[in-house]
Every structure is written in C-alpha cells, then in structure tokens.
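Novice: Questions regarding the structure given below will be posed in turn.
The values are calculated or read from the model by the stated rules, or taken from the named source; none is laboratory data. Source: prediction; values computed, not measured. Quick reminder, even Gly has a Cβ in these numbers, built from the backbone with ideal geometry, and neighbours come from all protein chains shown. What goes into the accessible areas is simple: the full protein's heavy atoms, side chains included, and nothing from ligands, DNA or RNA. Shrake-Rupley method; radii C 1.70, N 1.55, O 1.52, S 1.80 Å.
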Amino acid sequence: MEPVVRVTDLVQKIGKRIILDGVNLEVYKGECFGLFGLRGAGKTALLHILAGIDRFRSGRVEVLGYDARKSERFKHRLGLVTQEKSLFQDLRAAENLDFLTALKNASRENCYRVIERFQLTDYLKLPVTALEAGVYQRLALACALLNEPELLLGDDLFQSIDPASRHIILRELREYLACGGTCILSFNNMDAYSKTDLYSIISRVGWLEQGRLTVYQPGEAREQWEDRLKSFAEQSGELHA
Amino acid sequence: MQNKVVSSMLRQCLAVMRREVYYLWRDKGLRKILLAGSLLGLLVFYATYSAQVLKGIPTAIVDLDCSRESRQLVEDISNTENLKVVANPGSFAEVEELIQRGEVVVGVVIPENYAKSVSLRRQVNLAVIIDGSNMIYATNAANTVLAITGTINAQAGIKTLIAGGMHPDQAREAFSSVTFREEPWFNPTLNYAYFLVLALALNVWQQCCMLTACMNIIGETGRKSWSLLKAAGVSKFMFFFSKSIVQIALFILTVLPVYYLSFNVFKLPLACSFWVFLLFTLAFALALHATGTLVSSFSRNAVNSTRFGMIIAVPSFILCGYTWPLEAMPQIVQQAAWVLPQTWFFQGINYLTFKDPGWTFMAPFFSALLVIAVLSYTAAALIASRS
C-alpha cells in the first residue's frame with residue numbers, strides 16, 4: 001500500500017541549529033500517527049514541512065503522492081491545526097469558517113456540518129480572540145476539516161482545553177478516522193496522553209529527539225517514557241530520598 | 001471543468017476581498033486615519049490659507065525728515081494693500097528693536113533732508129529693512145516695497161524732467177513708454193489657497209495610503225494565520241491581487257470627499273475634466289500602492305515596513321518639486337525624486353489643476369506612474385516568492 005506520507009532523510013536547519021537530522025517516516029491511510037517529543041524537539045518543524053508551510057534543507061517529502069518541493073496540489077486534500085493560534089484574529093468565528101470554506105473550496109453543507117458537530121453555534125458571532133481555549137481548538141479543528149481532508153495534521157491539539165471540548169474533539173477524530181482519514185498528531189506530554197482515549201486510537205508513536213525520529217508501538221513508547229522518568233528520578237536522587 | 005476553476009477562483013477572490021474590508025474597517029486606528037486624515041488635513045489647510053493672499057504686513061516707518069514730501073511718502077506706503085503701518089518709531093535703532101521682537105516685518109527709514117534732496121534732484125537713500133526669517137512674509141514684503149519704490153522713482157524722474165523744462169505730459173509719456181504689464185496666468189491673484197491647499201491635503205492622503213500599502217504583504221506573512229493560508233494552498237498571486245484591489249478602491253474612495261470639498265465647496269481651481277483628474281489619481285494610487293507593497297515585501301516586520309514607508313512618503317512632498325523647483329535641486333536629488341511616484345503625481349496635479357495641458361503632455365506622467373507600479377509589483381512578487 002502506498003503511504004500517505006513518505007519522508008526520506010529529511011534535514012532541517014534553522015540558522016546553524018539542526019532541527020531535523022535525517023528523519024525517515026511513512027504513514028499509511030487510516031492510520032493515526034502520534035508524534036511525540038519534548039518542547040523544541042522539532043515536532044512543529046516536521047508538521048510544517050509536511051503541510052508545505054516551510055521549506056527544508058535536504059531529503060525528500062511526499063504527501064498524498066506529491067513531492068512537497070515540486071507541487072502544492074496535496075494542500076487541497078490536507079487539514080492543519082497549528083500549535084499557535086493561527087485563525088484569523090480580525091474575524092469572528094463564523095467569518096473564519098466562511099473565509100476558510102471559500103479558500104478551501106469547501107461546500108456550504110460541510111461548513112454547516114462542522115458547526116453542528118463541533119457545537120459551535122453559540123460562538124459564531126464572537127471574535128476568535130474572545131474564545132476560550134477549548135472552543136478555539138474546536139473551531140480550529142472544524143476549520144481544518146472543512147475540506148474533508150485525506151490527511152489531518154494536528155499540532156498539540158489537546159493542550160490546556162476543557163474536558164467538554166476534549167470529548168468533542170476526540171469524538172470527531174474517531175469519526176474522521178472511521179471514515180478513512182489519516183492523521184498525524186503531535187504531543188509533548190506522554191503522561192497526559194497515555195491516560196486519554198486518544199492514546200488508544202494512536203497506531204504508532206514517533207519519538208522525536210535530537211533531530212532523529214524513532215518509531216514505537218504505543219505501549220513501547222509509554223514504557224520508554226516511564227524508564228526515562230525513572231532514570232531522571234535516579235539522577236536527581238529523588239528515588240533514594 | 002474550466003468554468004468550475006474560474007468560479008472557485010472568483011469565490012476565493014471575493015472571500016479575500018470581503019475579509020480585507022473587515023480587516024481595514026476593524027482596525028480602528030487605520031480606519032480613522034484613512035477616513036479622517038486627509039479630510040481633516042484639507043479643512044485645516046483651507047482654514048490656514050483662507051486669507052488666500054498675504055495682506056497687512058506689519059510695517060514701521062521712521063520719518064526723520066518730517067516734511068510735506070516725506071509725509072506724502074508715508075501716506076503712499078500706508079495706502080498699499082499689502083503693508084500696514086503699525087508703528088512710527090523715532091530712530092533706526094527703534095526699528096531694529098521692533099524687527100528683533102517680531103512686532104514688524106518691514107522697516108522704512110526716510111532720511112533727513114529727504115524733501116530737499118528730491119527737490120534738488122539729488123540721490124536719496126531710503127533704507128528698507130525686511131525681516132527675512134519668514135520667507136513668505138519676506139518675499140511678499142519685498143515685492144510690495146519694490147512696487148512702491150518703483151512708483152516713487154518714476155515720480156521723482158517725472159519731476160526732474162518737468163524741472164528741466166519738459167512738458168508734464170511729455171515727461172509722463174517718457175516714463176510710461178516702456179511698460180511692464182504683469183499678467184500672472186492660471187492663478188492671477190497669486191492665491192496661496194489655490195496653489196497649496198489641495199496639494200497639502202493630498203500629501204496627507206498619500207501618507208495615509210502608504211501606511212496601508214506598507215501592510216499589504218508583511219501584514220499577512222507576519223501573522224500566525226499565514227500558516228493556515230500557506231497550508232490551504234491558496235495562490236499568493238490571487239490572494240494579494242484581491243487584497244490590493246480593495247486597498248486601491250479604498251484609496252480612491254477616501255480621496256473622493258477631498259475632491260468634492262476642494263472643487264465644489266472651496267472652489268479650488270480644476271482646469272481639466274474631473275474624470276481625467278480622477279484617472280490620474282488612480283494611476284498614482286496604483287504606483288503608490290505598488291511602492292508600499294514593495295516595501296512590505298522586504299521588511300522584516302510590520303513596524304519596520306511602516307518606518308520604511310514613512311521614510312519615503314514624508315519627505316517626498318518636499319522632494320517632488322511642488323514647493324521648491326526640482327531644477328534648483330542638485331542633479332542627484334532630482335534623479336532620485338523622479339523615481340518616486342509622488343514627484344510625477346504632484347507635478348502632474350499642478351498642470352492639471354491650473355493648465356489642463358492635454359493628453360499628449362500628460363502621457364509621460366501617466367506612463368511613469370504605471371511603469372513604477374509594474375516594476376514595484378514585479379519586484380515585490382519576486383521578493384515575496386523567494387522569502
């Protein structure tokens with residue numbers, strides 16, 4: 001089966017600092033790939049390259065069968081939720097949806113559908129700057145799903161959001177995956193993630209550290225993390241105490 | 001299939017344009033500047049130059065002769081429209097002090113034995129002192145004094161000829177055989193308001209427009225939402241083209257009330273057709289927007305872009321040759337000035353408002369503005385696509 005994402009020997013530098021140092025990755029259709037790494041590990045850099053936002057130094061990146069360096073056609077079949085609040089700050093919630101519906105050539109029906117599914121009706125008239133973190137993230141994901149993307153990239157989707165919004169987002173992600181969608185979700189808190197339902201739908205976890213990506217099964221990744229925590233505790237003398 | 005592509009492109013264009021309207025309208029500071037800036041400028045400048053010509057320049061006359069002739073001279077000076085005698089000090093030193101304190105701009109000293117010297121046809125030295133610290137005052141005062149002294153000289157000459165035995169009519173004819181008839185064309189009363197008010201208001205307008213244009217690219221690429229736009233695969237050309245249409249339309253909309261007030265309410269001169277004038281303004285709006293867009297393409301952030309834009313827009317009015325002739329500037333400054341769209345615009349509006357020189361004459365002005373627009377947009381597109 002042809003992968004939805006194929007990354008080969010990807011190198012990315014910012015100034016002299018190496019962010020990604022020969023990353024290799026393949027993500028297949030219907031898969032939910034977890035991208036784990038501590039802050040500054042390069043998760044956002046990798047996701048932005050996959051979304052065609054940033055250029056990269058070397059390597060090869062294929063998304064939905066297109067070479068990311070040569071074509072932008074894959075972008076029409078892509079959805080992205082960024083870590084930073086990147087919705088249009090000068091627009092209201094409804095205007096953001098409306099604007100992105102037009103930019104992504106999505107149908108009005110899709111727009112109404114995401115409003116309903118993400119329970120956004122009460123917030124449509126509010127400026128996005130006035131939305132709480134959870135509602136904002138629901139709106140951001142709704143915008144990302146407007147064009148029914150084949151690949152969804154989510155950068156730290158669940159950071160600091162309320163339980164109700166978390167529940168809605170999880171439900172919609174499951175629905176998206178059940179309909180054959182593929183997603184790559186980044187996160188930086190293994191403890192929090194391994195306790196959520198989301199962890200159960202992640203098929204593999206890519207651990208990004210010092211520019212390199214190591215792929216684990218979710219259980220293995222959690223064990224690795226716990227070992228790492230023990231090692232930190234031993235080094236700090238916490239266990240002996 | 002092609003229709004679908006065109007209709008989706010049109011839908012995107014309209015969405016970007018609508019969003020740009022929201023963006024410009026909701027930026028309260030920019031909205032106020034754009035809507036009120038140039039109008040306020042026009043009102044303030046019109047009020048400033050409401051006198052239209054400079055009259056009643058404060059003048060002091062020292063009459064050291066106190067003769068009938070010297071009193072006649074004082075009366076002649078007092079009767080001129082442009083000078084107003086406000087003091088009659090007793091000495092040159094007092095005049096000097098009055099000028100130092102700024103109480104008078106012109107000082108005239110009639111020497112002792114003035115009447116006697118005139119009657120003996122000897123040379124008389126009348127001292128006329130003009131405060132040169134204010135150029136406008138000084139120029140007007142100098143012109144008025146020149147006119148008075150010319151008349152006095154002529155009268156003295158006629159008297160001399162009569163005293164020499166010439167018939168009074170012949171003497172007068174001798175002095176009026178060569179006449180200099182001054183005919184200031186296009187602005188016969190040398191009205192300051194006609195010359196300056198519209199240009200100053202348009203200077204404010206072009207600065208406001210430059211502020212907006214400077215945000216065209218960096219205002220998007222410098223925001224976090226740029227990631228979403230890039231990830232959506234939106235054509236940069238389509239996006240900035242749609243934004244630019246809204247901005248240029250806004251520039252024209254904001255100048256319309258200025259033109260309405262100028263030409264219909266304040267009755268400032270407009271020699272050419274209004275539509276030609278508006279077309280010329282549109283050409284300038286394009287060139288100005290392109291320049292601002294170019295600035296916004298290479299600036300690192302919005303603040304820097306605004307600074308660069310203002311560095312161009314603020315001195316451009318001085319450099320454009322409207323208030324000080326370009327020909328009097330050093331060659332290198334002249335060459336730099338012709339690169340600026342403001343130079344072509346302000347030179348052009350001077351011709352259009354006062355003279356209407358016709359299409360053939362104005363064609364280079366239109367062409368230059370369009371060339372600046374094309375070059376600046378091209379450079380901006382190249383820079384933006386590489387960054």
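Novice: Kindly indicate the residue of the stretch B:147-182 that is modelled with pLDDT of 75 or more and not in a helix (DSSP H, G or I) and also surrounded by the most Cβ atoms within 10 Å (Cβ to Cβ) among those meeting that condition.
Specialist: B:M166
Novice: I need the full set of residues from the stretch A:144-155 which are assigned to a loop (DSSP other than H, G, I, E, B) and either within 11 Å of another protein chain (Cβ to nearest Cβ) or open to solvent by less than 10 Å² (accessible area, probe 1.4 Å) (or both), in order please. Walk me through how you get there before you give the answer.
Specialist: Taking the stretch A:144-155 and keeping what is assigned to a loop (DSSP other than H, G, I, E, B), we get A:145-150.
Result: A:L146, A:N147, A:P149.
Novice: Note down all Cβ pairs under 6 Å where the first residue falls in the stretch B:117-136 and is farther than 21 Å from B:V95 by Cβ and touching a residue at least 40 places away in the same chain (Cβ under 8 Å), the second is open to solvent by 50 Å² or more (accessible area, probe 1.4 Å) and hydroxyl-bearing (S, T, Y), and they're at least six residues apart or on different chains.
Specialist: B:R121/B:T160
Novice: Condition first: within 14 Å of another protein chain (Cβ to nearest Cβ) and surrounded by fewer than 20 Cβ atoms within 10 Å (Cβ to Cβ). Can you find one or more residues in the stretch B:192-213 that meet it? Don't jump to the end; show me each part of the working.
Specialist: Within the stretch B:192-213, the first condition is being within 14 Å of another protein chain (Cβ to nearest Cβ), and the residues that meet it are none.
Looking through the stretch B:192-213, none of the residues is within 14 Å of another protein chain (Cβ to nearest Cβ) and surrounded by fewer than 20 Cβ atoms within 10 Å (Cβ to Cβ).
Novice: Tally time: how many residues in the stretch B:231-242 are open to solvent by 10 Å² or more (accessible area, probe 1.4 Å) and assigned to a helix (DSSP H, G or I)? Please lay out each step first, then the result.
Specialist: As a first pass, look at the stretch B:231-242 and keep what is open to solvent by 10 Å² or more (accessible area, probe 1.4 Å): B:233-237, B:240-241.
In the following step, the residues that additionally are assigned to a helix (DSSP H, G or I) were identified as B:236-237, B:240-241.
Result for the stretch B:231-242: 4.
Novice: May I ask you to list pairs of residues, at least six apart or on different chains, whose Cβ atoms are under 6 Å apart, with the first in the stretch B:1-17 being of a type in the set (K, R) and the second being open to solvent by less than 100 Å² (accessible area, probe 1.4 Å) and at pLDDT 85 or above?
Specialist: From the stretch B:1-17, the pairs are B:R11/A:A102.
Novice: List pairs: first in the stretch B:163-175 and polar (S, T, N, Q), second in a helix (DSSP H, G or I) and open to solvent by less than 70 Å² (accessible area, probe 1.4 Å), Cβ under 8 Å, 6+ apart or cross-chain?
Specialist: Cβ pairs passing all conditions: B:Q170/B:L161.
Novice: Same structure, new question: In the stretch A:111-138, which residues are open to solvent by less than 90 Å² (accessible area, probe 1.4 Å), within 19 Å of B:R18 (Cβ to Cβ) and of a type outside the set (A, V, I, L, M, F, W, C)?
Specialist: Answer for the stretch A:111-138, where residues must be open to solvent by less than 90 Å² (accessible area, probe 1.4 Å), within 19 Å of B:R18 (Cβ to Cβ) and of a type outside the set (A, V, I, L, M, F, W, C): just A:P127.
Novice: Still on this structure: For the stretch B:274-303, enumerate the residues that are β-branched (V, I, T) and open to solvent by 40 Å² or more (accessible area, probe 1.4 Å). Quick ask: steps written out before the conclusion?
Specialist: First, pick out the residues of the stretch B:274-303 that are β-branched (V, I, T): B:276, B:281, B:291, B:293, B:295, B:303.
Answer for the stretch B:274-303, where residues must be β-branched (V, I, T) and open to solvent by 40 Å² or more (accessible area, probe 1.4 Å): just B:V303.
Novice: Residue by residue through the stretch B:60-101, note down the ones that are among the β-branched types (V, I, T) and touching a helix residue (DSSP H, G or I) at 6+ places or on another chain (Cβ under 7 Å).
Specialist: Residues of the stretch B:60-101 that are among the β-branched types (V, I, T), as a first pass: B:61-62, B:74, B:77, B:80, B:85-86, B:95, B:99.
Within the stretch B:60-101, B:I61, B:V62, B:I77, B:T80, B:V85 meet the criteria.
Novice: In the set A:L141, A:L97, which member is more than 9 Å from chain B (Cβ to nearest Cβ), out of contact with any strand residue (DSSP E or B) (no Cβ under 9 Å at 6 or more places or on another chain), buried (at least 22 other Cβ atoms within 10 Å of the Cβ) and part of a helix (DSSP H, G or I)?
Specialist: Values: A:L141 fails: out of contact with any strand residue (DSSP E or B) (no Cβ under 9 Å at 6 or more places or on another chain).
The conditions single out A:L97.
Novice: For B:F251, indicate whether it is free of Cβ contacts under 8 Å to residues at least 24 places away in the same chain, more than 14 Å from chain A (Cβ to nearest Cβ) and surrounded by 21 or more Cβ atoms within 10 Å (Cβ to Cβ). Even if it seems obvious, please write down each step before you answer.
Specialist: Numbers: free of Cβ contacts under 8 Å to residues at least 24 places away in the same chain: no; more than 14 Å from chain A (Cβ to nearest Cβ): yes; surrounded by 21 or more Cβ atoms within 10 Å (Cβ to Cβ): yes.
No: the conditions fail for B:F251.
Novice: Shifting gears a bit: Can you name the residue in the stretch A:46-59 that is within 21 Å of the chain's Cα centre (by Cα) and away from chain B (no Cβ under 12 Å) and is also surrounded by the fewest Cβ atoms within 10 Å (Cβ to Cβ) among such residues? So that I can check it myself, show each step before the final result.
Specialist: Within the stretch A:46-59, the subset within 21 Å of the chain's Cα centre (by Cα) is A:46-56.
Subsequent filtering for residues that are away from chain B (no Cβ under 12 Å) retains A:46, A:56.
Numbers: A:L46: 30, A:F56: 21.
By that ranking, first place goes to A:F56.
Results for (1) part of a loop (DSSP other than H, G, I, E, B); (2) at pLDDT below 95; (3) surrounded by 13 or more Cβ atoms within 10 Å (Cβ to Cβ); (4) at positive phi, shown as yes or no for each residue.
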site: B:S305; (1), (2), (3), (4): no, no, yes, no
site: B:I318; (1), (2), (3), (4): no, yes, yes, no
site: B:W324; (1), (2), (3), (4): yes, yes, no, no
site: B:T343; (1), (2), (3), (4): no, no, yes, no
site: B:I349; (1), (2), (3), (4): no, no, yes, no
site: B:P357; (1), (2), (3), (4): yes, yes, yes, no
site: B:M362; (1), (2), (3), (4): no, no, yes, no
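Novice: Which residues, taken from the stretch A:1-11, are open to solvent by 20 Å² or more (accessible area, probe 1.4 Å) and assigned to a strand (DSSP E or B)? Spell out the reasoning first.
Specialist: Narrowing the stretch A:1-11 to residues open to solvent by 20 Å² or more (accessible area, probe 1.4 Å): A:1-2, A:6, A:8-9, A:11.
Of everything in the stretch A:1-11, those that are open to solvent by 20 Å² or more (accessible area, probe 1.4 Å) and assigned to a strand (DSSP E or B) turn out to be A:R6, A:T8, A:D9, A:V11.
Novice: Filtering the stretch A:60-88 down to residues that are part of a strand (DSSP E or B) and more than 7 Å from chain B (Cβ to nearest Cβ), which residue is most open to solvent (accessible area, probe 1.4 Å)? Can you show your working first?
Specialist: Step one: filter the stretch A:60-88 for residues part of a strand (DSSP E or B), giving A:60-63, A:66-67, A:78-81.
Restricting the remaining residues to those that are more than 7 Å from chain B (Cβ to nearest Cβ) gives A:60-63, A:66-67, A:79, A:81.
Numbers: A:R60: 108, A:V61: 0, A:E62: 32, A:V63: 0, A:Y66: 62, A:D67: 27, A:G79: 1, A:V81: 3 Å².
Selected residue: A:R60.
Novice: Here is a follow-up. Which residues, taken from the stretch A:26-40, are open to solvent by 10 Å² or more (accessible area, probe 1.4 Å) and either among the small types (G, A, S) or touching a residue at least 60 places away in the same chain (Cβ under 8 Å) (or both)? Can you show your working first?
Specialist: Our first condition is that a residue be open to solvent by 10 Å² or more (accessible area, probe 1.4 Å); within the stretch A:26-40, this holds for A:26, A:28-31, A:38-40.
Once the filter is applied, which keeps residues that are open to solvent by 10 Å² or more (accessible area, probe 1.4 Å) and either among the small types (G, A, S) or touching a residue at least 60 places away in the same chain (Cβ under 8 Å) (or both), the stretch A:26-40 yields A:Y28, A:K29, A:G30, A:E31, A:L38, A:R39, A:G40.
Novice: Ok, one more. Could you list, ordered by first residue, the pairs with Cβ atoms under 7 Å in which the first is in the stretch B:333-345 and free of Cβ contacts under 8 Å to residues at least 24 places away in the same chain and the second is among the hydroxyl-bearing types (S, T, Y) and crowded, with 20+ Cβ neighbours inside 10 Å, at least 6 apart or interchain?
Specialist: Filtered contacts from the stretch B:333-345: B:A337/B:T343.
Novice: Looking only at the stretch B:35-50, decide whether some residue is farther than 22 Å from A:K125 by Cα, within 11 Å of another protein chain (Cβ to nearest Cβ) and buried (at least 17 other Cβ atoms within 10 Å of the Cβ).
Specialist: Here is the first cut: in the stretch B:35-50, the residues farther than 22 Å from A:K125 by Cα are B:35-50.
Among the residues that remain, those that are also within 11 Å of another protein chain (Cβ to nearest Cβ) are: none.
No, the stretch B:35-50 has no match at all.
Novice: Further question on the same structure: Of all residues in the stretch B:217-230 being in a helix (DSSP H, G or I) and farther than 21 Å from B:V6 by Cα, which is farthest from the other protein chains (Cβ to nearest Cβ)? Quick ask: steps written out before the conclusion?
Specialist: Filtering the stretch B:217-230 down to residues in a helix (DSSP H, G or I) leaves B:218-221, B:226-230.
Filter again for farther than 21 Å from B:V6 by Cα, leaving B:218-221, B:226-228.
Working: B:I218: 15, B:G219: 10, B:E220: 10, B:T221: 11, B:W226: 8, B:S227: 5, B:L228: 5 Å.
Top of the filtered list is B:I218.
Novice: With the structure loaded, tell me whether A:I19 is in contact with a Leu (Cβ under 9 Å, 6 or more places away or on another chain) and within 14 Å of chain B (Cβ to nearest Cβ) or whether it fails that test. Step through it out loud before you land on a result.
Specialist: Numbers: in contact with a Leu (Cβ under 9 Å, 6 or more places away or on another chain): yes; within 14 Å of chain B (Cβ to nearest Cβ): no.
So A:I19 fails the test.
Novice: How many of the residues in the stretch A:64-101 are of a type in the set (F, W, Y) and touching a Gly at 6+ places or on another chain (Cβ under 8 Å)? Before the answer, list the steps.
Specialist: First, the residues of the stretch A:64-101 that are of a type in the set (F, W, Y): A:66, A:74, A:88, A:99.
Next, from what is left, pick out any that are touching a Gly at 6+ places or on another chain (Cβ under 8 Å): A:74.
Matching residues across the stretch A:64-101 total 1.
Novice: Under 7 Å between Cβ atoms, which residue pairs at least 6 apart in sequence (or on different chains) link something in the stretch A:101-114 that is β-branched (V, I, T) with a partner that is outside any helix (DSSP H, G or I)?
Specialist: A:T101/A:L146; A:V114/A:L145; A:V114/A:L146
Novice: Return the residue satisfying two criteria in turn: it lies in the stretch A:168-222 and is without any contact (Cβ under 8 Å) to a residue 60 or more places away in the chain and of a type in the set (D, E), and of such residues it is least open to solvent (accessible area, probe 1.4 Å).
Specialist: A:E172
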